[in-house]
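A short write-up of the structure that comes next.
Every number in this text was worked out from the coordinates using simple rules, so none of it is lab data. Everything quoted here is computed from the prediction, not taken from an experiment. Don't worry about glycine lacking a Cβ; one is built from the backbone with ideal geometry, like all the others, and counts go over all protein chains shown.
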Amino acid sequence: MHCNPLSLLIAVLSVCPVLAQDSEERFSCKTNDPLLLEQMFSGNEEGYARALTAKSILDEHTRNFVRDRGNGSFVVPVVFHVIHQYGPENISDAQMYDAIRVLNEDYNKLNPDWSTAHPAFLDIVADVGITFRLAQRDPEGACTNGITRTVSPLTFEGNFAMKQLIQWPRDMYLNVWVSSAANGAAGYSNYPWVFDGSPESDGIVIKASYVGSFGTSNAERSRVLSHEVGHWLNLLHCWGNSNDPELPENCDMDDGVEDTPLTRGWTSCSLNGSSCGSTLDNVENYMEYASCRKMFTNGQADRMIAALTSNTAQRDQLWQPENLVLTGVNEEPSLCSARFTKSRGQICAGGSVTFTDASFNTVSQRTWEFPGGEPSTSNEATPTVVYPTAGNYGASLTVTDGNTTLTTSETFSVEVLNDPGASVPLIEGFESITELSNSPWTVVDPDENNGFELTAIASASGDHSVRLSNGPGSIGHIDDLISTTYDLSNMEGITLSFRHAYAQREETNDDELRVFVSNNCGLTWSLRKQMFGSTTLNTAGVVDGVFIPDQEEWQETVVSNFGPNEQASGFRIKFQFVGAGGNDFYLDDINLNGLQVGFPEINNTDNALIVRPNPASNYAEVIINSTSAGKMRITLLDLLGRSVSGEWSVLSGEEVKTVHLPLVGLSSGVYFVHADMGGIDRVVRLVVDDAP
């Protein structure tokens, strides 16, 4: 009879790939979860068969294993990969240092609470004899503190794809991924035999709220990593091959360890519990779900050391002397890198930034310099600096351990925006911009796959727009285009309009555009518009190939759901695109308008642009007095920033230039005359009154 290898693997799999939900929920596992297995072995039936063979080999090795307890402790190099999106999941180094402390206490019978275990089990509380050390050398031999940080929205998934963002060789390091989510659980891992043919999956994923005993975690949650390492070293739950504790049928199973009594499994700390007969249950075991976990048994220790001395999943390579040299874990920590992080890179004038010294591995003294900031210097580990004036400012840090002195600096560390911001209307057609990096727009590209960029291959009007390259390789990627600040104080009738073009590659693509606004310079954001690839975002159907829109494939969107909260001096706009495998996205003609009594004429204090008469009926004259180099463009716009009466070009020079502006056919109301004078904008309000 033909047997599907995956089905067979599921049938025999007793690993607990997902440990538990948060502590306020019942602990649960996803043993035999087909989705996780398919992610691991997708398109690799040989991997299924290899896993089954590896299980047989490891089982045989474990049965015949006799531990030499005089062999000393085994050392395992560890690397934490923090996957974050600048949120609380981006935990401190100190939390991960504390997680290593907890692991070493739990695996070496140094945890202070072991002696409070039930007297019936005190004689078999194990000193497992494994020491975990953060790597001091990366795979290339460069110095490290054993912690990496990667920005990705996959932190909110914690899945197989997230693991593929970064992984160090599994024969040199235990990889631990720290993330905001862990596939719907607190953490998960697998047995060595499951990982044997899938090195790209090997390691542990754990939520940031379960790392260490402080910060985003606590003392109870800190034991979750000890549990997961147990699975990674071939331990079952105490009740055996079951996803769920407390089931009567669990008494018919076993965990393969002689000194752990048969049990149904526990989620509560019933220390005198006897769920499968007269034998007392080992409720306080790390491989239980009860919150009072505090011990491994000697039998469990032997089983883990058997796994660590087996070549299954290359576990026996980790603790070899040559690998300890390569990973640097036997080296005395020394200062080898000066670096720092900051809470924000962009603020409004008067705002603050908190800097953190992230140098490693030992710092005895530090000196900060913050030109333009208050204070301008500091010796603190995490100084908070206020920037009163708009501009771009650098920062530098010098650290020493008494023997070595290192310095690091950033020329453009903090961008301080004006508050109040620029006057409206904002009329942005990207015509006077040569590079987005030198413009009022900020590109955020956390996945470093180019992000929004200026293009001349298509536009809704003029010659330029911005484009975001998009495709199957951008699934899950999030890219932002963020404006500078605008002063909407006392403004009413605020309206944002823009034009865009987008096509799917397949009918199932559902890329998303989100439009956010901020009333506090980007400290917090409010969603004002969502558009999806399968509905309102799509302007050109399905295009299999490079999408370059023609004029009919642009669509205008108007956003007007603004209230009093948006009447702020530090108003900003954010266009956020979430990739789902569709085609390229284009954006053009972004206009932001507001009305107020005594509307100011924008950037026109020198009267370089004059419109008369004003109010006007049939026509008006636009008088330009500018010596700007290059061609000047005159446009008449409505309150939404839309061109309503064509466009005129004027050659600059010393003499005054006059443009005849026809108004016939226009409705009565308020319009704007916009002049682009060699990259300098001038805007004058024009009232059209009773035009026939």
Once Arg67 and Ser489 are pulled to full extension, the length gained, defined as 0.36 nm per residue separation minus their Cα-Cα distance, is 144.4 nm
Amide H to amide H, which residues 5 or more places from Thr485 or on other chains are under 5 Å from it, using H placed in the peptide plane?
Asn418, Ala422
Given (i) 31.0; (ii) 28.7; (iii) 29.3, the label whose value is Kirkwood radius over Cα pairs in Å derived from this model
(iii)
How high is the FRET efficiency between Ser334 and Ala49 when r is their beta carbon distance and R₀ equals 45 Å, given to the nearest 0.05?
0.45
Along region 77-85, what does the Karplus equation 6.51 cos²θ - 1.76 cosθ + 1.60 (θ = phi - 60°) give for ³J(HN,Hα), rounded to whole Hz, x for Gly and Pro?
x, 10, 10, 9, 10, 8, 9, 8, 10
Arrange Glu228, Glu258 by Cβ neighbour counts within 10 Å, fewest through most, would you?
Glu258, Glu228
Where the centre of each part is set by its Cα atoms, how far does region 95-128 sit from region 167-215, in angstrom?
21
Tabulate in residue order the Karplus-calculated ³J(HN,Hα) for region 667-673, using 6.51 cos²θ - 1.76 cosθ + 1.60 with θ = phi - 60°, rounded to whole Hz; enter x for Gly and Pro.
6, 5, x, 9, 10, 10, 9
Report the gain in length on full extension from Glu380 to Ser560: 0.36 nm times residue separation, minus Cα-Cα distance, nm rounded to one decimal.
60.2 nm
Table column - 3J(HN,Hα) (Hz), region 419-436, Karplus curve with 6.51, -1.76, 1.60, x for Gly and Pro
9, x, x, 5, 6, 9, x, 8, 10, 10, x, 6, 7, 9, 9, 9, 8, 5
Two pseudo-spin positions, 7 Å from Cα along C-beta at Glu415 and at Ser534, lie apart in nanometres by 3.6
When the helix-only estimate is applied to the chain (DSSP H runs of n ≥ 4, each -39,500 (n - 2.57), divided by the residue count), what is the mean residue ellipticity at 222 nm, nearest 500 deg cm²/dmol?
-3500 deg cm²/dmol
Tally Lys and Arg at +1 and Asp and Glu at -1 over the other residues with C-beta under 12 Å from the C-beta of Lys574: what net charge comes out?
+2
Taking amide H positions as placed 1.01 Å from N in the peptide plane, with prolines and chain starts having none, which residues 5 or more places from Ser645, or on another chain, fall under 5 Å of its amide H?
Leu636
Contour minus Cα-Cα span, Ser213 to Thr508, at 0.36 nm per residue, comes to 101.8 nm
Just order 567-573, 117-123 by mean Cβ neighbour count inside 10 Å, highest at the front, would you?
567-573, 117-123
Just want to confirm a number: the relative contact order over region 426-595, from Cα pairs under 8 angstrom separated by 6+ residues, in percent.
37
Given Lys55/Lys163; Lys207/Lys529; Lys294/Lys342; Lys163/Lys294; Lys109/Lys163, the pairs whose alpha carbons are separated by over 28 Å
Lys207/Lys529; Lys294/Lys342; Lys163/Lys294; Lys109/Lys163
Least to most buried among His237, His477, His231, by other C-beta atoms within 10 Å and fewest first, runs His477, His231, His237
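Order these by the 10 Å Cβ neighbour count, fewest first: Ser474, Ser560. Show your work: numbers first, answer last.
Values: Ser474 22, Ser560 11.
Least to most surrounded, the residues fall as Ser560, Ser474.
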As I understand it, the dipole of region 426-595 uses +1 on the Cβ of Lys and Arg and -1 on the Cβ of Asp and Glu, about the Cα centre. Which of Asn450, Phe516, Val542 lies farthest toward its positive end?
Phe516
What share of the DSSP beta bridges in the chain is antiparallel, in percent to the nearest 5?
80
